[in-house]
Every structure is written in C-alpha cells, then in structure tokens.
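Beneath this line is the structure, given in structure tokens, with notes to follow.
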Amino acid sequence: MSFRIGTDAYARHVGRYSAALASAFCERAGVAAGDSVLDVGCGPGPLIAEAARRVGPERVAGVDSSAPFLAICRAALPGADLRTADAEDLPFGDQSFDVVLSQLVLNFILDARAGVAEMARVARRTVAACVWDYAGGMTMLRAFWDAAIELDPLAPDEARTMRFCTAPELRSLWERAGLRDVATGEIVVAAEYADFDDYWTPFESGIGPSGAYVAALSSARRDTFRTACFRRLGSPPGPFRLDARAWFVRGTVPGSLSRTSGGDR
C-alpha cells in the first residue's frame, strides 16, 4: 500500500534511478526489435517505456496492482496492453511473450516463487528481473537504514527484510522455477540531488518501506533521524550524486533459443 501514496513521491524517491536502470536492464535481458515484452509490476512505466522504445508500444504489455501507476502508463503508452493484475496470476496464455521482465518488484510480490513460475509460464524465451543491492550498493537506501539502525537497532532494514536481494538468492529462485542457463550480474546507475532536502523529502511522503518507517516516527524522532541521515551522507552542503547497484538475473525457458548479453555465469 505504501507505493500507492503518490506517483510524484515515487519519482523523487527510487524512481529517479529507474530510467537509467531500465535501459541497462533491457540490454542485459537481450530485448531487441521484433520481441514481444511483458513488464510484471510496471509501476509508473520506466521499464515498459524503455521496452516500447526498442520494440514498439504495440509489442509491449504490463501489469500492476496500482491504479495511479497504471494511469500514468496508459497516458504515456496508449498502444500498450496494460492490465490490473498480480504477478502470481498473470492474465495471459502460455508462452505469450518472448521476454518477461520485472524491475525492482520481486521482493514486493506476496509469493515470489509463484510469481516467477507465472513469469516462466507466459515466456517463450527469456525471464529476467533486477532488485536493489539493499545490503551495500544502493547508497540512497543503505545510508538511510544505517542511520536508522544507529538510532534503533531493531529498525526494519531492507537488507534483512527483503528475501531476494543477492545474486545467489536470485539464481536459486530462477533455477527452482525450471529456467535454464541462469546468469546473474550487477547494474550500477546514479542519480543527482540538488541538496539534502531533495534526498530527504520523498521519505516524508511515506513512499515504500523506508517512507513508511519515517511516517511512523514522532516529530522529534524524525528530526533526530534526519540529522543522522545527513551525517551518513557526509553532510553535503549542496548538490551531490549517489550510485545505486542492482543485482539482475535472467534465465531461458527450456527448449527456447536464448538471445542475451552481459552476465556472469
């Protein structure tokens, strides 16, 4: 529910990394002209927009459970097939798409194993996903949770609460779904911030697990936490840049011909 609060807040939160991540992710997944592509958990649309740029809007589809996010997608991509659905019950027939993708959604699927099984069912060739490296490389969130733990050792750090956030965990999930030639690797992108307020304000909207944590704090506790985050980022006096690492995984449907690039085996 914390992702239904506001699309602008999402764009200023992790969403500011999404376009660059989508471009790199499509490359790693091997999306190419002529493919049909499904985006599972399309959100406000950065990944499906990148896929449409590569294959055409009439060859892409997306599902999400958030009405505000789907409204943005429909306005931007009127030719795409966009539906309200959960990952565990995709409204498409077997082998409907050449490539099935999911960007930053896997850990928010109620039953991730069932979701990946559904993704494999509707794919003809490739199933791929990416998730943040919550434990270290996603600097925006790592600084946030390190500050939280400094003040509250029991804070719900996403590095602990997210089930699938390392390359070995992703590989195991894909292999358990029966996918073959499973490859994993990293994608590193970056985002610019005008100042610390530009970084901090989206958290106060309540977006995502980090925003929900801030929203639950008292005013005094929130001010103390804000100061701790500022220190964790090096007390930036003005504009700054943060890197963000995501782990990706891809696999091929048994019996299909793969067309992928850029992964470690």
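We did not get these values from a lab; they are worked out from the coordinates using the rules stated. Computed from a prediction, not measured in an experiment: that's the story for all the values here. We place every Cβ from the backbone using ideal geometry, glycine too, and count neighbours over all the protein chains shown.
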So for region 7-252: antiparallel DSSP bridges make up what percent, rounded to the nearest 5?
-> 55
For region 125-135, just list the computed ³J(HN,Hα) in residue order, Karplus coefficients 6.51, -1.76 and 1.60, θ = phi - 60°, integers in Hz, with x standing in for Gly and Pro.
-> 10, 10, 10, 9, 8, 9, 9, 5, 7, 4, 6
Residue 122 long-range amide H proximity, modeled H, under 5 Å | 95
Compute the Kirkwood hydrodynamic radius of region 84-140, taking the inverse of the mean of 1/r over all pairs of distinct Cα atoms, and give it in Å to one decimal.
-> 12.1
Taking H placed 1.01 Å from N in the peptide plane, check which residues at least 5 places from residue 178 or on another chain put their amide H under 5 Å from its amide H.
-> none
Which peptide among 56-68, 236-248, 34-46 comes first, and what is the full order, when sorted by highest mean count of other Cβ atoms within 10 Å?
-> 34-46, 56-68, 236-248
Taking a quarter of the surface of the convex hull around the Cα atoms of the chain, what do you get in nm²?
-> 13.1
Run the dipole for the chain about the Cα centre, Lys and Arg Cβ at +1, Asp and Glu Cβ at -1, nothing else charged, and hand back the magnitude in debye, nearest 20.
-> 340
Distance in nm between residue 27 and residue 150 label points, each 7 Å along Cα→Cβ, equals 3.5
For the peptides 83-96, 109-122, what is the packing order when you average, over each peptide's residues, the other Cβ atoms within 10 Å and list the highest mean first?
-> 109-122, 83-96
Once the Cβ-Cβ distance between residue 215 and residue 53 is put in as r, and R0 is 51 Å, what FRET efficiency do you end up with, to the nearest 0.05?
-> 0.90
What do the square roots of 5 times the Cα gyration tensor eigenvalues come to for region 102-185, in whole Å, largest first, as semi-axes of the equivalent ellipsoid?
-> 29, 12, 10
